[in-house]
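The values are calculated or read from the model by the stated rules, or taken from the named source; none is laboratory data. A quick note: this is a predicted structure, and the numbers were derived from the prediction, not measured. Please note: Cβ atoms are built from the backbone with ideal geometry, for glycine as well, and neighbour counts cover all protein chains shown. Each accessible area value is taken on the protein alone, full model and side chains, heavy atoms only, with ligands, DNA and RNA left out. Shrake-Rupley method; radii C 1.70, N 1.55, O 1.52, S 1.80 Å.
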Amino acid sequence: MGALPPSLEDIELDEELLQELSEGFKLRLENFGKDILFHSPGFKHYEVEDFSVKTGPKFVDISITGRNCELMCDHCASKILWHMIPALTPEELWKTASELKTKGVDGLLISGGSNKDGVVELYPFLETMRRIKEELSMFVSCHVGLVDKALAEGLKEANVDAVLLDIIGDDRTIHEVYKLPHKSVKDYEESLRLLKEAGHNIVPHVIIGLHYGKVLGEYRAIDMIARFDPSALVMVVVMPYYGKARFQLLPPPAPEESARVLLHARKALPKRPVVVGCARPAGPDRLKFDLYALHAGVNGITFPAEGIFTYAKSLGLNPVVSPNCCSTVFLH
């Protein structure tokens, strides 16, 4: 274990767990070397004592539905959309992208709320996305819900750089948390298959503790993702205050439990980037989780907790600051 900076000295770590996680750290050194990315995408300003990005925003999020979501599942009840720039029509999307380009923004993540079938209705925006790629030369990724063949192929024709999607590994979570009683794990697996067959860079996300703070289908989701050889995998931890009132009363998994899920991801995808995304609880648990994540061998951490950037150096890693979304990690 490296030397803890002052901001982390009061954090008590599980020594046996650290020993378990060392297998992941060894894998990342063998397959990726010492570089580790610390991301700070431009949808919010983030600065702690040992980490900040001094440039203006380079990568921003756009919602094609604004703050609206038909599904209103218990995961976020649309609150994830609130920090995104609204662009409700193809014309608004083009205008927004053009204005952002003049301000030095190089990349866009385009998403929105889901319909009652768990689909983000991107179809009307595909031609505009292609135009953004061809005329503005911007990096374009899309965070989608479930996809059919038409959408998978349409996104490919639009020449998007990466497709992001949450993968759920338990039917109960799909039915109860995501409010999709007519869908199952097989539908998420089918979405992965369609996107992979269309030739996309797929960057799945797994939300640790999605089932009201319980780890339920995460290991299955990771194993399913691994079969489709993604370009990268993003791991986040459920943020209870995103959800509805009853969700707020339920704590997320302990950092130790979440760290073991990270280790499983690292071992399942030893040669593909595994990164910690922006969504995870704040406070002491965030500090502890980020520490464990370094030991588990992740390739990057978004908005690292204070002291994590410094601690990475003590582990012999080479921190690299990125103003981009963590889903771009496969380009590094």
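Would you mind classifying region 175-332 by shape? Square roots of the alpha carbon gyration tensor eigenvalues, ordered a ≥ b ≥ c; an a/c under 1.5 is rounded, otherwise it is prolate if a/b is larger than b/c and oblate if not.
In terms of gyration-tensor shape, oblate.
Rounded to the nearest 10 degrees, what's the angle between the helix 284-296 long axis and the longest principal axis of the chain, both from Cα atoms, 0 to 90?
Roughly 90 degrees between the two axes.
What do you get for the angle between helix 255-268 and the principal long axis of the chain? Use alpha-carbon atoms, 0 to 90 degrees, nearest ten.
It is inclined by approximately 70 degrees.
Can you give me the C-alpha center-to-center distance between region 269-295 and region 165-209, rounded to a whole angstrom?
21 Å
Any chance you could give the angle, 0 to 90 degrees and rounded to 10, that helix 15-32 forms with the longest Cα principal axis of the chain?
Approximately 60 degrees, to the nearest 10.
So for the chain, averaging the separation of alpha carbon pairs under 8 Å that are six or more residues apart and normalising by length, what relative contact order in percent results?
It rounds to 26 percent for the chain.
Ignoring ligands, DNA and RNA, please state the percent of accessible area on the chain from carbon and sulfur, probe 1.4 Å.
Roughly 51 percent of what the probe reaches on the chain is carbon or sulfur.
In nm, to one decimal, how far is the modelled label at VAL320 from the one at GLU135, with both set 7 Å along Cα→Cβ?
In this crude spin-label approximation the distance works out to 3.3 nm.
So with the 1.4 Å probe, I'd like the accessible area per residue for the chain, rounded to whole Å².
42 Å²
Say a site is exposed when it is one of the chymotrypsin sites (Phe, Trp or Tyr not before Pro), sits in a DSSP loop, and has at most 16 other Cβ atoms within 10 Å; what is then the longest site-free stretch of the chain?
Counting at most 16 other Cβ atoms within 10 Å as exposed, the longest clean stretch of the chain is 47-227.
Please compare each pair in LYS79/LYS101; LYS26/LYS313; LYS26/LYS214 to a cut-off of 18 Å on the Cα-Cα distance and tell me which ones are over it.
The answer is LYS79/LYS101; LYS26/LYS214.
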